[in-house]
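The values are calculated or read from the model by the stated rules, or taken from the named source; none is laboratory data. None of these values were measured; they are calculated from a predicted model. Ideal geometry is used to build each Cβ from the backbone, glycine not excepted, and the neighbour counts take in all protein chains shown.
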Amino acid sequence: MSMYTGFTRLCKGITVVLVGGHIVVQILPSALSYLALIPAKTIPFAWNLITAGYTEQSIYGLVISTIGLLFVGKLLEPIWGSREFLKFIFVVNFLTSVCVFITAIALYYITTQEIYLYMPVSGFQGVLSGFLVGIKQILPDQDLSLLKIKAKWLPSLALLVSIIISFFTTESASYLPTMIFGTYIGWIYLRYWQRKPETKRRGDPSDEFAFSTFFPEFCRPVINPLATIFERMLCGRRSEMSDESGGYTLGSTTLPGSDPIEASRRRERGARALEERLAAERLAATGRADKTEENATENV
């Protein structure tokens, strides 16, 4: 039972928001027009770029989102801190919605199909995809006994499964772009923007967290040059700032002054935090078992 305890107060609060948003949409279906991301209505209702991420339309999405938030948040929030954890959620959610909005408008002009303008897109799956990137960064070599893989492959596996499912369902357009952009924005944030107070730097410049690490080894010779081009286009200024303050990496090339030691320390802290949490949960479970046995002896 210890694995079902220890959830953070912040994660519980966001869970209440998710449940509340789902209930509102079920009781008042018309509220979906104001809360979900509908590209044709985003210009007057710009707040849906924020509210869409906290509005679950289906009970299945609500269950997955709340479980993922509670369990992953229990791991990431103590390591990042509550403020940084909340900031990550807000940034990934907002920028994911912006990317989905721009993509929908572009697809409409390319195909002239109005479905891209009026399909309501909502859900917490973009942030959950970003959380998986956080697990990849902190515990890349942690073995997941249930899936028989290492934690670093979780984001890639989630996207692969979602893409495969999209071939068999017509609802994929409402969640697949959100997951793709959520994964990418989560990586961008952790790679370039996340502030590290202990080193007074931003991001994670290690080669183990390069964009190509989301792909199998045989794909990386092709991915690395493309990743370098896109990083320079989308994050070139951030990369230059990082170079001046202590070095960075572009693609697979390590620039002078990079600090892979800090990335290694961060992974060690993540593994240590996980071990301490598991030890505390085992100790709590043992204490409850001893107390139960003691009560049983007294009753006898």
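Report, by residue number, each residue of region 176-208 that is modelled with pLDDT of 85 or more and assigned to a loop (DSSP other than H, G, I, E, B).
Scanning region 176-208 gives a single hit, 194.
So for region 108-117 (the condition being more than 19 Å from the chain's Cα centre (by Cα), buried (at least 18 other Cβ atoms within 10 Å of the Cβ), not β-branched (Val, Ile, Thr) and not in a helix (DSSP H, G or I)), does at least one residue qualify?
No, there is no match, as no residue in region 108-117 is more than 19 Å from the chain's Cα centre (by Cα), buried (at least 18 other Cβ atoms within 10 Å of the Cβ), not β-branched (Val, Ile, Thr) and not in a helix (DSSP H, G or I).
Any idea which of (1) more than 30 Å from residue 62 (Cβ to Cβ); (2) modelled with pLDDT of 65 or more; (3) under 20 Å from the mean Cα position of the chain (by Cα); (4) in a helix (DSSP H, G or I) is the one residue 157 doesn't satisfy?
Only one criterion in (1) more than 30 Å from residue 62 (Cβ to Cβ); (2) modelled with pLDDT of 65 or more; (3) under 20 Å from the mean Cα position of the chain (by Cα); (4) in a helix (DSSP H, G or I) is unmet by residue 157, namely (1).
How about region 95-107: which of its residues are in contact with a Leu (Cβ under 8 Å, 6 or more places away or on another chain), farther than 17 Å from residue 51 by Cα and surrounded by fewer than 16 Cβ atoms within 10 Å (Cβ to Cβ)?
Result: 105, single match.
Looking at region 118-129, which of the residues that are more than 15 Å from the chain's Cα centre (by Cα) and assigned to a loop (DSSP other than H, G, I, E, B) is farthest from residue 89 (Cα to Cα)?
119
Out of curiosity, is residue 167 at pLDDT below 90, surrounded by fewer than 15 Cβ atoms within 10 Å (Cβ to Cβ) and either among the hydrophobic types (A, V, I, L, M, F, W, C) or within 14 Å of the chain's Cα centre (by Cα) (or both)?
So residue 167 fits the description; yes.
Looking at residue 173, is it modelled with pLDDT under 80, surrounded by 13 or more Cβ atoms within 10 Å (Cβ to Cβ) and under 30 Å from residue 7 (Cβ atoms)? Full working, then the answer.
Details: modelled with pLDDT under 80: yes; surrounded by 13 or more Cβ atoms within 10 Å (Cβ to Cβ): yes; under 30 Å from residue 7 (Cβ atoms): no.
For residue 173, the condition - modelled with pLDDT under 80, surrounded by 13 or more Cβ atoms within 10 Å (Cβ to Cβ) and under 30 Å from residue 7 (Cβ atoms) - is not met.
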